[in-house]
Structure formats: C-alpha cells, structure tokens
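Asks: Got a structure for you, questions after.
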Amino acid sequence: MSGYIVGFGAAIGRGLVIKGTKFISEIQGNRYVKKESREMQGIARESLSNKDAREWYVNTQLPKMKELGNRILTLEERAKFHFNFRNQARKDTRDAMKDRKKAEELENDRKNKTWEEWIEYVKKRKGLTKMEDIYNYTIEASQRTNPDVNSKFGIKPQ
C-alpha cells in the first residue's frame, strides 16, 4: 500500500494518515483544519474574553494541532499542516475575541503569512536554506506561544 489509498482515493494519489483517517492531499488536510475551527467547536464570534480566547488557543487548539500533525507521514505535508492549522487557530481566536480593538490590533501587527511568505521569512530571518530544516523549524515554531502574553493572562500551556 505504501501511502496509497485503495478505491476512490487511489485514483487521486498518495495520502496522509491521521489516526486511521487518510488525507489524499494537503487540500483534504486543510478541510480537516476547518473542521476543527471555532465555528465547528460551537464558539460564537466575539464571545470570549481576551484571557479565555488565549486559553482556548494555547490549551485546546495548539495541542490538537500537535496531536494530529504528528501522525502525518511526510515532513513537508506535516509542516504545511502545522502552518495551516496555526493560521486557522489564530484567525479563529481573533474572531472569538469580544475585544474587537485588540483583535484588530493583532490582525494588523501579527498578520498570518502565506506559505510562500513564511518560507521566505524563515530563509531571511533564520538563515535556513535546506527545505528539510525549514520544514522542521515550521513544525517547531507552530507549536510555540509567546510566554509573555501567556504570563500576562496567567495561562500555563499544558
């Protein structure tokens, strides 16, 4: 089988495995990311305090990303999954914040990058040139949170 899906998926190509669920492509992985979104978890837009939003981001979304992402087979797809999951988690967290001024400030000051922008950023700012190193850095960076912000809200990552 070697990463190929039998039946319908076989016609499409190699898959990624997450807890028994195969992802045929990055696009399907991204659909899974959306399935884990704020709306699908029943969190209304503009319903959380800044502290509750941060708590949800740090202790619900990021651990879920790590759990699911670690089950993807290829390094490149794992890096893309982590990158996309974190971008979606950041967007969802900002959408859930009651404090619209702070949410807009975060959106303007810490915009989500595209994959291409991220790769260029890592090459320039971190000096990494090998794609394997960039993918590993992406996975590691996507699981990190700002300790100063966590401390401000009294949040301890689990």
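Asks: Return a yes/no flag: does segment 132-145 have any residue that is assigned to a loop (DSSP other than H, G, I, E, B), in contact with a Lys or Arg (Cβ under 9 Å, 6 or more places away or on another chain), among the β-branched types (Val, Ile, Thr) and more than 20 Å from residue 62 (Cβ to Cβ). Break it down into steps so the answer makes sense when it comes.
Replies: The initial filter retains those residues of segment 132-145 that are assigned to a loop (DSSP other than H, G, I, E, B), namely 143-145.
Those left that are additionally in contact with a Lys or Arg (Cβ under 9 Å, 6 or more places away or on another chain): 143, 145.
Okay, now just the ones that are also among the β-branched types (Val, Ile, Thr), so 145.
Among the residues that remain, those that are also more than 20 Å from residue 62 (Cβ to Cβ) are: none.
No, segment 132-145 contains no residue that is assigned to a loop (DSSP other than H, G, I, E, B), in contact with a Lys or Arg (Cβ under 9 Å, 6 or more places away or on another chain), among the β-branched types (Val, Ile, Thr) and more than 20 Å from residue 62 (Cβ to Cβ).
Asks: In addition: So which residues in segment 78-93 are under 23 Å from residue 44 (Cβ atoms), surrounded by 22 or more Cβ atoms within 10 Å (Cβ to Cβ) and either more than 8 Å from the chain's Cα centre (by Cα) or not hydrophobic (A, V, I, L, M, F, W, C) (or both), if there are any at all?
Replies: Answer for segment 78-93, where residues must be under 23 Å from residue 44 (Cβ atoms), surrounded by 22 or more Cβ atoms within 10 Å (Cβ to Cβ) and either more than 8 Å from the chain's Cα centre (by Cα) or not hydrophobic (A, V, I, L, M, F, W, C) (or both): 86, 92, 93.
Asks: Moving on to the next point. Looking at (1) closer than 24 Å to residue 44 by Cα; (2) surrounded by fewer than 17 Cβ atoms within 10 Å (Cβ to Cβ), which is the one condition that is false for residue 116?
Replies: Exception for residue 116: condition (1).
Asks: If you scan segment 90-102, which residues turn out to be in a helix (DSSP H, G or I), within 14 Å of residue 56 (Cβ to Cβ) and either without any contact (Cβ under 8 Å) to a residue 40 or more places away in the chain or among the charged types (D, E, K, R) (or both)?
Replies: Answer for segment 90-102, where residues must be in a helix (DSSP H, G or I), within 14 Å of residue 56 (Cβ to Cβ) and either without any contact (Cβ under 8 Å) to a residue 40 or more places away in the chain or among the charged types (D, E, K, R) (or both): 90, 91, 92, 94, 95.
Asks: Testing residue 102 on (1) of a type outside the set (A, V, I, L, M, F, W, C); (2) farther than 25 Å from residue 53 by Cβ; (3) out of contact with any Leu (no Cβ under 9 Å at 6 or more places or on another chain), one condition comes back false. Which one is that?
Replies: Every listed condition holds for residue 102 apart from (2).
Asks: May I ask you to list the residues in segment 118-158 that are polar (S, T, N, Q) and in contact (Cβ under 8 Å) with a residue 12 or more places away in the chain?
Replies: Answer for segment 118-158, where residues must be polar (S, T, N, Q) and in contact (Cβ under 8 Å) with a residue 12 or more places away in the chain: 136, 138, 142, 143, 145, 150, 158.
Asks: So, in segment 31-89, of the ones that are hydroxyl-bearing (Ser, Thr, Tyr) and over 27 Å from residue 154 (Cα atoms), which residue ends up modelled with the highest pLDDT?
Replies: 74
Asks: Determine whether residue 129 is in a loop (DSSP other than H, G, I, E, B), in contact with a Lys or Arg (Cβ under 7 Å, 6 or more places away or on another chain) and of a type in the set (S, T, N, Q).
Replies: Values: in a loop (DSSP other than H, G, I, E, B): yes; in contact with a Lys or Arg (Cβ under 7 Å, 6 or more places away or on another chain): yes; of a type in the set (S, T, N, Q): yes.
Spelling it out, residue 129 is indeed in a loop (DSSP other than H, G, I, E, B), in contact with a Lys or Arg (Cβ under 7 Å, 6 or more places away or on another chain) and of a type in the set (S, T, N, Q).
Asks: For segment 126-142, give me each residue that is buried (at least 17 other Cβ atoms within 10 Å of the Cβ), closer than 15 Å to residue 74 by Cα and out of contact with any Asp or Glu (no Cβ under 9 Å at 6 or more places or on another chain).
Replies: 134, 138, 139, listed by residue number.
Asks: Does residue 65 satisfy the criteria of being surrounded by 14 or more Cβ atoms within 10 Å (Cβ to Cβ), among the aliphatic types (A, V, I, L, M), closer than 17 Å to residue 146 by Cβ and touching a His at 6+ places or on another chain (Cβ under 7 Å)? Even if it seems obvious, please write down each step before you answer.
Replies: Working: surrounded by 14 or more Cβ atoms within 10 Å (Cβ to Cβ): yes; among the aliphatic types (A, V, I, L, M): yes; closer than 17 Å to residue 146 by Cβ: yes; touching a His at 6+ places or on another chain (Cβ under 7 Å): yes.
Spelling it out, residue 65 is indeed surrounded by 14 or more Cβ atoms within 10 Å (Cβ to Cβ), among the aliphatic types (A, V, I, L, M), closer than 17 Å to residue 146 by Cβ and touching a His at 6+ places or on another chain (Cβ under 7 Å).
Asks: Right, residue 128: in contact with a Pro (Cβ under 9 Å, 6 or more places away or on another chain) and at negative phi or not?
Replies: Judged against the criteria, residue 128 is not a match.
The values are calculated or read from the model by the stated rules, or taken from the named source; none is laboratory data. Computed from a prediction, not measured in an experiment: that's the story for all the values here. Don't worry about glycine lacking a Cβ; one is built from the backbone with ideal geometry, like all the others, and counts go over all protein chains shown.
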